Amino acid sequence: MKKFVLHSEYNIINIQSYKDHFGDYLITKPLEESFINNLHNFSVMSRDAFQNSLYKILIDKNIKEDSIIVNAASFDYLVFKDRFLIKNNPHLILDGALYLAKILNIKIINIVLKDYYSEEKNILIKAIAEAEDAGFAYDIKINIYDEQTYYSENHDRITPLSFENKKYIFDLETITQITYLAHIGEFSFKNYGAHENKGTYILSMSGDIISPNIYEFEMYTPIKNIIRAAGGTIKDYSIKCVFTNGFLNPPIDFISFQNMTLDYECFNSFNMNIGNGGICFIREDRCMVRVILKIVQFAKSVSCTKCMPCHYGFDLCEYYINKMLLGNSDNEDYINLKETLEMINTGSICLYIKKLSYCILSSVDMFRDEFLYLIENKVTLYSFIKD
Ligand code: SF4
């Protein structure tokens, strides 16, 4: 990972090295009212699907929740920063979570991990034991769950709907940013980024780029520099589109993307959010019909099947695309595919699914020619994905 500014350049996995680096956990310090008010000035502290401001959540007296969820079980497609953050510095996460619990006067922190994060789970268990021994968590209970155990104990499945209904739910990146901000102070934090966009962002770069990885950049960095830092794109191939926000934004053409900067206004001007920071590059010879089929299958996998448009809609999309790939379709199927996606977008309950279906719909529109070529010729324009 590129070490631009905030994140540690080496792993801090024991509490002594954490204390040497940052000092005691924030929970030992008096709570400063100004800290919460300052969050108002940092747009980087608004990062869920709704782009809710952390400041507004922390000052909202109408929220009646008795626990905090630390979300390390996110289902975003091709976004892979959670494991890095846990392995790199588990104390940074615990410190921030305990600090939030203190601000909100909450006594239970539930950390929810992906079922297969067993190594990360052990790292966190060790870090919690150290924090408890050091007296940093004496009256706050920290529970660690995987998706299965969270469901069996709380009767609440980890789904887009359950996450969107909860207010005190924080992703790992936001929590680590809070900890940094609180430790280094507002004035130091403001050295990073430019104009109204202060702080840094972690991006998960994947697809047809030379060095796919996670990178940290100051806000307002030109996207051209970000692409260069990731080694650039593959020589001899142009990029036909880029997916951002982990497939929750419409795809964008490469020329427009290269002219953007990493800031909220710029993304908003393209009807996009920076969101979870997932960026995926697609080169010219990839078959977009198959790429879109993959996104549909991912959408199916996160659907909780509670509402009809999402539950049956993605199945139907998969059916139409497979029918095209098998050479058994006509133009009617392309229209049906688009109408199904419109139905999902209009009728689904979750914002996450609305955004995902809009991304798929926009992709089907943008690559209409590839679909129509397939329907007419019974073979895709780019028959096989190479490599
Ligand atoms: S849109 Fe409906 S089925 Fe899909 S995840 Fe949300 S609640 Fe569940």
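The values are calculated or read from the model by the stated rules, or taken from the named source; none is laboratory data. Everything numeric here is computed off the predicted structure, so don't read it as measured data. All Cβ positions, glycine included, derive from the backbone under ideal geometry; neighbour counts span all protein chains shown. Surface accessibility is based on the protein's heavy atoms, side chains included, excluding ligands, DNA and RNA. Shrake-Rupley method; radii C 1.70, N 1.55, O 1.52, S 1.80 Å.
How would the range 64-158 be classified by its alpha-carbon gyration tensor: rounded, prolate or oblate, with rounded meaning a/c under 1.5 and the a/b versus b/c comparison settling the rest?
Numbers: a/c = 1.65, a/b = 1.21, b/c = 1.37.
Oblate shape, in that a/c is at least 1.5 and b/c is the bigger or equal ratio.
Treat each spin label as a single point 7 Å out from the Cα along the C-beta direction, and report the D133 to K224 distance in nm.
A separation of 5.3 nm, rounded to one decimal place.
Taking the chain as the reference, fit the longest principal axis to its C-alpha atoms, fit the long axis of helix 308-325 to the helix C-alpha atoms, and give the angle between the two in degrees, 0 to 90, nearest 10.
Computed tilt is about 40 degrees.
Starting from the 7 Å offset along Cα-to-Cβ, what nm value, one decimal, do you get for the label separation of N52 and Y151?
Between N52 and Y151, the simple spin-label model gives 2.3 nm.
Given a 1.4 Å probe, how much area per residue of the chain is accessible, in Å²?
On the way: 16960 Å² over 387 residues.
For the chain, the per-residue accessible area is 44 Å².
Please build a GNM for the chain, connecting alpha carbons under 10 Å apart, and tell me which residue among F243, F270, F371 fluctuates the most.
Result for the chain, Cα springs under 10 Å: F270 fluctuates most.
Please find, in a Gaussian network model of the chain (springs between Cα atoms separated by less than 10 Å), the residue of M308, M272, M324 whose mean-square fluctuation is greatest.
Looking only at M308, M272, M324, the largest GNM fluctuation is found for M308.
Using only Cα atoms and rounding to the nearest 10 degrees, what angle (0 to 90) does helix 172-184 make with the longest principal axis of the chain?
Here the helix axis deviates by roughly 40 degrees.
Helix 351-366 versus the longest principal axis of the chain: what is the Cα-based angle in degrees, 0 to 90, to the nearest 10?
Roughly 30 degrees, rounded to the nearest 10.
What's the extension gain from I210 to T346 if we count 0.36 nm per residue and subtract their Cα-Cα distance? Intermediate results must be reported in sequence, preceding the final value.
Numbers: separation 136, 0.36 × 136 = 48.96 nm, distance 3.78 nm.
My answer for the length gained is 45.2 nm.
Under 20 Å from a label point 7 Å along Cα→Cβ of C304: give me every residue in the range 55-83 with its amide N that close.
Zone members listed by number: 63-77.
For the range 1-129, what does the alpha-carbon gyration tensor say about shape, rounded, prolate or oblate, given a ≥ b ≥ c as the root eigenvalues, a/c under 1.5 as rounded, and a/b over b/c as prolate? Provide the component values of the computation, followed by the final result.
Details: a/c = 1.42, a/b = 1.24, b/c = 1.15.
Taking the square roots of the gyration eigenvalues as a ≥ b ≥ c, the range 1-129 is rounded.
Of all the accessible heavy-atom surface of the range 137-267, with the other protein chains kept in place and a 1.4 Å probe, what percent is carbon and sulfur?
On the way: 2520 of 5230 Å².
Roughly 48 percent, rounded to a whole number.
Pull out the extension gain between Q297 and E196, defined as 0.36 nm times the separation in residues minus the alpha carbon to alpha carbon distance; nm, one decimal. Mind dumping the intermediate values first?
Details: separation 101, 0.36 × 101 = 36.36 nm, distance 3.82 nm.
The Q297-E196 span can extend by a further 32.5 nm.
Please work out how much length the chain gains when fully extended from K61 to D315, using 0.36 nm per residue of separation minus the C-alpha to C-alpha distance, in nm with one decimal.
87.3 nm
DSSP loop chymotrypsin sites (Phe, Trp or Tyr not before Pro) in the range 124-167 with at most 15 other Cβ atoms within 10 Å of their Cβ, which ones?
On the way: sites: F136, Y138, Y145, Y150, Y151, F163; in loops: F136, Y138.
Those that pass, being in a loop and sparsely packed, are Y138.
For the chain, what is the mean residue ellipticity at 222 nm derived from helices alone (per DSSP H run of n ≥ 4: -39500 (n - 2.57); sum divided by total residues; nearest 500 deg cm²/dmol)?
Working: 18 runs with 184 residues, N = 387.
After summing the helix terms and dividing by residue count, I get -14000 deg cm²/dmol.
Rounded, prolate or oblate: which one fits the range 78-218, using the alpha carbon gyration tensor with axes a ≥ b ≥ c (rounded when a/c is under 1.5, else prolate when a/b beats b/c, else oblate)? If you can, show how the numbers build up before the last one.
Values: a/c = 1.64, a/b = 1.20, b/c = 1.37.
Verdict is oblate for the range 78-218.
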